[in-house]
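**Q** Have a look at this one before I ask anything.
The values are calculated or read from the model by the stated rules, or taken from the named source; none is laboratory data. Not measured: the values here are computed from a predicted model. So basically every Cβ, Gly included, is an ideal-geometry build from the backbone, and we count neighbours across all protein chains shown. With ligands, DNA and RNA removed, areas are computed over all heavy atoms of the protein, side chains included. Shrake-Rupley method; radii C 1.70, N 1.55, O 1.52, S 1.80 Å.
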Amino acid sequence: MDFPLFPLHTVLFPGCRLDLSIFEARYLDMLSRCLRQDTGFGVVCILEGEEVGQAAGRFAAIGCEALIRDWQRRPDGVLEIRVEGARRFRVNRAEVRRDQLTVAEVDWLHEAKASPLAAEHADLTALLQALARHPLVEALGMDGTAADQQVLANRLGYLLPFEAEEKLKLLAMAAPARRLAYIRQLLERLQGEAPD
């Protein structure tokens, strides 16, 4: 059991980017190892607990590998990193080390073959293009193009304001067509809740 986990109040998806500020010793040590060994770490969503201090009490059993794409150390010692989601995984067993770093034994999840986008996905593709124009998304360098259904589902699942539980359900789904159908369902629910 040596795959390091980084529990956060967010759900990372493959191909999506996330900026993090690292200042806790356990994570600075973890990132130093990752950079030396050219490896990633796992991002899992916290279900109970906080991001800083004691290890999270409970986190999701499904997560996404994070690969470090860029980093810089600030004068105050804080490490700024940008990661990109890679492979999905399921946590088999996890333990908290003395330094409060959580490590796990994981199974890598199978990814479905690329499925081309169809005319029925035009509205979701347009939605992704609109989301990509948001300054926060632009700052991450995530454009509004999607090469296939999997990329479209991952980016929409990551960027849309769904509940963590809904995002985890999306991350767990293997078939991109099922993911996109579920995204449509969630969007309809969001539109139904929006005030007129």
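**Q** With a ≥ b ≥ c taken as the square roots of the eigenvalues of the C-alpha gyration tensor of the stretch 51-134, please select rounded if a/c is under 1.5 and otherwise prolate if a/b is larger than b/c or oblate if it is not? Before the final figure, lay out each step's value.
**A** Numbers: a/c = 2.66, a/b = 1.46, b/c = 1.81.
Oblate, because a/c is 1.5 or more while a/b does not exceed b/c.
**Q** Sequence-distant or interchain residues sharing an amide H contact under 5 Å with Val106, placed H: which?
**A** Amide H neighbours of Val106, under 5 Å, 5+ apart: Asn92.
**Q** Indicate the gyration tensor shape class of the stretch 149-196 (rounded, prolate or oblate), computed on the Cα atoms with a ≥ b ≥ c the square roots of the eigenvalues: a/c under 1.5 is rounded; otherwise a/b larger than b/c is prolate and the rest oblate.
**A** Working: a/c = 2.10, a/b = 1.81, b/c = 1.17.
Prolate, because a/c is 1.5 or more and a/b exceeds b/c.
**Q** Another question about this same structure. Measure nothing fancy, just the Cα-based angle from helix 149-159's long axis to the longest principal axis of the chain, in degrees from 0 to 90, nearest 10.
**A** 70 degrees
**Q** Same structure again: Say a site is exposed when it is one of the trypsin sites (Lys or Arg not before Pro), sits in a DSSP loop, and has at most 14 other Cβ atoms within 10 Å; what is then the longest site-free stretch of the chain? Intermediate results must be reported in sequence, preceding the final value.
**A** On the way: sites that count: Arg97, Arg98, Lys113, Arg133.
Between exposed loop sites, the widest span is 1-96.
**Q** Tally up the carbon and sulfur contribution to the accessible surface of the stretch 72-196 as a whole percent, 1.4 Å probe, everything protein left in place. It would help to have the intermediate numbers written out before the result.
**A** Working: 3770 of 7270 Å².
Carbon plus sulfur share of accessible area: 52 percent.
**Q** With every protein chain present, what is the per residue accessible area of the stretch 24-101 (1.4 Å probe, Å²)?
**A** Values: 4360 Å² over 78 residues.
Averaged over the residues of the stretch 24-101, the accessible area is 56 Å².
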